[in-house]
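Asks: Shown below is the structure under consideration.
The values are calculated or read from the model by the stated rules, or taken from the named source; none is laboratory data. Given the structure is predicted, the values throughout are model-derived calculations rather than measurements. Please note: Cβ atoms are built from the backbone with ideal geometry, for glycine as well, and neighbour counts cover all protein chains shown. Note: areas computed on protein heavy atoms with side chains; ligands, DNA, RNA excluded. Shrake-Rupley method; radii C 1.70, N 1.55, O 1.52, S 1.80 Å.
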Amino acid sequence: MTDAIVLDQVSKAYDGVAVLQPTDLVIPRGQFVALVGGSGAGKTTLLKTLNGLVTPTGGQVRIDGAPTADLDGPTLRRRIGYVFQEVGLFPHLTVGENIGVVPTLLGWDAAKITARTAELLDLVALPRELATRRPANLSGGQRQRVGVARALAARPSILLMDEPFGALDSVTRVALADDVRRLHDQLSLTTVMVTHDIAEAVLLADRIVVMAGGRVIADNTPRALLAGHADPAVEALMQAPRRQAARMREIAGE
Ligand SMILES: Nc1ncnc2c1ncn2[C@@H]1O[C@H](COP(=O)(O)OP(=O)(O)OP(=O)(O)O)[C@@H](O)[C@H]1O
Ligand SMILES: [Mg+2]
């Protein structure tokens, strides 16, 4: 079977400064990948090369076997849903209109978009009445759910999420993360999610890719990475949730 996403020596430089070193990455269909690493590591840049929001300086991205350079914008938008870092809903549009952005671009008729919007609100567990509200009149968690609904509107096979649960309280965060994993399984998606939260990456993802300084420094299953890594930076990162859990047990007197 053709892999969902292939990066072949993909690099990016801005004004001659490399922010993404030549990177190879193969993501099979159906995999849930967490992309982790410090601020400025190149996570968003890598994610955006996948759907053409960033044009690589070198190398090639292939989606279902087709080089993205050969695919037009609408085709990429249809195949790949994108949830932006800091949500990125249009404030002047209603929730329904936000969810309908890609279908509108793709020329769907109004009735079809309205029906799909209702279906998507159900899918992300939001009341349908929210369709007529503006993003400013929602809670942060509800806004993130709208962002996910919008990304899924045109039934993409690939879902990219850039820190979709940042800035949420931990209860909302866990509920939303569980729902995203459920959607991934239910819709047979291939998912790449950027997160700062290692525990979240471990709990949700099939595979964790760690970046630093514009390159991939580790790439393995959560279990394998938790078992130890030669690179001290990776080791420190992966041990953080374990140290936290141990400390919690200690405080709880267990
Ligand atoms: N349009 C741009 N022009 C110039 N430099 C850029 C541009 N976009 C990103 N960079 C630089 O590329 C590097 C990687 O940025 P990127 O946004 O990919 O990091 P990140 O890993 O997503 O970080 P964060 O966790 O803070 O979101 C940073 O040094 C950033 O300043
Ligand atoms: Mg980023």
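Asks: I'd like the carbon and sulfur percentage of the solvent accessible area for the chain, probe radius 1.4 Å, heavy atoms only, ligands and nucleic acids excluded.
Replies: 54
Asks: If you build the Cα gyration tensor of the chain and take the root of 5 times each eigenvalue, what three semi-axes come out, in whole angstrom, biggest first?
Replies: Gyration-tensor ellipsoid for the chain: 30, 25, 15 Å.
Asks: Follow-up. Looking at the chain only, what percent of DSSP beta bridges run antiparallel? Nearest 5 please.
Replies: 55
Asks: So if R0 is 51 Å, what FRET efficiency would Glu235 and Thr132 give, r being the distance between their Cβ atoms, rounded to the nearest 0.05?
Replies: 0.55
Asks: Can you give the Rg and Dmax of region 170-254 based on its C-alpha atoms, in angstrom?
Replies: Cα only, region 170-254: 14.3, 42 Å (Rg, Dmax).
Asks: May I pose another question? What ranking do 29-41, 122-134, 152-164 get when scored by the average of other Cβ atoms within 10 Å per residue, highest first?
Replies: The peptides rank, most packed first, as 152-164, 29-41, 122-134.
Asks: Right, here's the next one. Percent of Cα-Cα pairs per 5 Å bin, from 0 to the last occupied bin, for region 56-117, please list those.
Replies: Result, from short to long distances: 4, 14, 21, 20, 17, 12, 8, 3, 0 percent.
Asks: Another question about this same structure. Any idea what the relative contact order of the chain is, in percent, if you count C-alpha pairs under 8 Å spaced at least 6 apart?
Replies: Contact order relative to length: 25 percent.
Asks: Looking at region 55-189, what % of the alpha carbon pairs are farther apart than 23 Å?
Replies: That fraction is 33 percent.
Asks: Sticking with this one: So what are the three principal axis dimensions of region 11-133 from its Cα atoms, in whole Å, longest to shortest?
Replies: 47, 31, 30
Asks: Still on this structure, I have one more. Can you give the Rg to Rh ratio of region 1-61, both from alpha-carbon atoms, with Rh computed by the Kirkwood formula?
Replies: So for region 1-61, dividing Rg by the Kirkwood Rh gives 0.97.
Asks: A further question on this structure: Just to check I understand the Karplus step: with θ = phi - 60° and J = 6.51 cos²θ - 1.76 cosθ + 1.60, what whole-Hz values come out for region 49-60, glycine and proline as x?
Replies: Rounded to whole hertz, the list is 5, 5, 10, x, 5, 10, 8, x, 6, x, x, 9.
Asks: Starting from the Cα-Cα distance between Thr104 and Ala245, subtract it from 0.36 nm times their residue separation and give me the gain in nm to one decimal.
Replies: Residue separation times 0.36 nm, minus the Cα-Cα distance, leaves 46.1 nm.
Asks: May I ask you to give the solvent-accessible area per residue for region 5-251, in square angstrom, as obtained with a 1.4 angstrom probe?
Replies: It amounts to 46 Å² per residue over region 5-251.
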